[in-house]
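Comments concern the structure below.
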Amino acid sequence: MSGAIRLTRWCVGECAWVALAVVLSIAFVAGFVWLAEPHAADFWSQLRSPVNVVRIVVLSAAIWIWAYIGRVIRTSSRNAAPRKPRAAPSHAAAPRASGLL
C-alpha cells in the first residue's frame with residue numbers, strides 16, 4: 001500500500017476516534033446537566049454555558065488519549081515478536097575436534 005493511502009487511512013481513523021470522543025463527552029456532560037440542574041429553564045443554553053463547554057473539551061481530550069493509549073498497547077502486542085528464546089542449532093552444541101589441535 002502506498003504511503004499516501006496509508007496516511008489517509010490513518011487520518012480518517014484518527015478523525016473518527018476524535019468524533020466519537022466528542023459525541024461521548026457531549027452525552028456525558030448532557031447527562032450531568034440534566035441530573036445536576038433539573039430546574040434549568042433552558043437545557044440547551046445551560047449545556048452551552050462556558051463551564052460545560054470546557055468540560056466537554058477536557059473530557060473529549062481525555063477519552064481520545066485513553067483510546068489512543070489502548071490502541072497503541074493492542075497493536076504493539078499484536079506486532080511484537082514472540083518472546084521465546086531461539087533454540088541453538090544441533091550442530092553448534094557439540095564441540096569440534098578441529099579447533100582443539
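Taken over the range 45-101, the criterion of being of a type outside the set (A, V, I, L, M, F, W, C), open to solvent by 90 Å² or more (accessible area, probe 1.4 Å), in a loop (DSSP other than H, G, I, E, B) and modelled with pLDDT under 80 is satisfied by PRO82, ARG83, LYS84, PRO85, ARG86, PRO95, ARG96, SER98. Restricting attention to the range 16-33, the residues that are out of contact with any helix residue (DSSP H, G or I) (no Cβ under 7 Å at 6 or more places or on another chain), closer than 25 Å to VAL51 by Cα and open to solvent by 50 Å² or more (accessible area, probe 1.4 Å) add up to 5.
The values are calculated or read from the model by the stated rules, or taken from the named source; none is laboratory data. The structure displayed is predicted, hence computed values, not measured ones. Glycine also receives a Cβ, built like all others from the backbone with ideal geometry; neighbour counts cover every protein chain displayed. Surface accessibility is based on the protein's heavy atoms, side chains included, excluding ligands, DNA and RNA. Shrake-Rupley method; radii C 1.70, N 1.55, O 1.52, S 1.80 Å.
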